[in-house]
Amino acid sequence: MSCSYLRRYYCIRGLEEKCTSNFSTLSRVTYIDTKHELAGEVYLELGELYRQEAQRVLATNNDRIEAKRLLAKSKHSYQLLEQSTEKTLEHYASILRKQGMECKNGSSSNQSKEDCN
């Protein structure tokens, strides 16, 4: 699976000028906002790729063993996506809890009352 059509590029939003000038094709560029989003995109694309490849192998070669192996990889990619998503949700929940604690304690660290509401 080292074909060039499988190659993907990821660009962090805000750096589009640098990203677009370095790539020959923009169709394979995925724009992301955070590192959490990057992990999710990669796991999702891998899961889809392995599933499609399993369908192709089964249709062309009728190779059930190889198809099962590829489907297991697809399932594992989706499990990694699930774990990554859970970690991301926990990360943002901790940020919200921290912000809530600062608001309850009346923290005045450059935080207006509007931020707490």
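Numbers at a glance
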| quantity | calculated |
| --- | --- |
| Virtual spin-label span in nm between ARG97 and LYS75, 7 Å along Cα→Cβ | 3.3 |
| Accessible-area order (highest first, 1.4 angstrom probe) of the listed residues HIS36, HIS76 | HIS76, HIS36 |
| Gain on full stretching of the segment that runs from GLN52 to ASP33 - 0.36 nm per residue minus C-alpha separation | 4.1 nm |
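The values are calculated or read from the model by the stated rules, or taken from the named source; none is laboratory data. In this text the structure is predicted, and so the values were computed from the model without any measurement. In this analysis, Cβ positions are derived from the backbone assuming ideal geometry, glycine residues included, and neighbour counts consider all displayed protein chains. Surface areas here come from the heavy atoms of the whole protein model, side chains and all, with no ligands, DNA or RNA. Shrake-Rupley method; radii C 1.70, N 1.55, O 1.52, S 1.80 Å.
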